[in-house]
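Presented below is the structure to which this report refers.
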């Protein structure tokens, strides 16, 4: 009887202790915003899209100009009261010829990580990414921007640059090399005049 009484007391004590202790919070391995049926593709403002830029541009301009001009003027000697005018002649000729050929080749191979900066009403996304590179005294900024369709973005949030509408790659630089490649002010004025 004593053993039964002790067991009842211990059971009651355990029950009271468990009632007083707050339950432990349960943590899930599943994220609340996740879904089994939906990809986590970039689609909202601030989401990240990686762009593989493989652009090659070849440009060639050629121009030829040729012109010539000849002028001959003769003044006969005077007669009568104009006898003091001596006969003389004026002649001039000029010719000009120029041949200009310019060939440019630009190749850009890069990977840009861009942010979605705007979502258009039709669901297309405006993306933009900047790269700032500094080497010694040279600073270079490369900016990529454009519009991408949701269906062109892969499951890894990557898109090729040839699938980006209004794609723009702008490269600008500051430093010794950029400064020495720019013509001087006198050369710029002469080029503008002539």
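Say each of residue 137 and residue 56 gets a label point 7 Å from the Cα, pointing the same way as Cα to Cβ; how far apart are those two points in nm?
Distance between label points: 3.6 nm.
Of 120, 115, how do they rank once you tally other Cβ atoms within 10 Å and put the fewest first?
120, 115
Using a 7 Å offset from the Cα along the Cα-to-Cβ direction at both residue 96 and residue 166, what is the distance between the two label points in nm, to one decimal?
Taking the two extended label points, one gets 4.2 nm.
Test of understanding: what is the full-extension gain from residue 40 to residue 107, defined as 0.36 nm times their sequence separation minus their Cα-Cα distance?
Between residue 40 and residue 107, full extension yields an extra 20.9 nm.
Coordinate-derived values only; no laboratory data. Everything numeric here is computed off the predicted structure, so don't read it as measured data. Don't worry about glycine lacking a Cβ; one is built from the backbone with ideal geometry, like all the others, and counts go over all protein chains shown.
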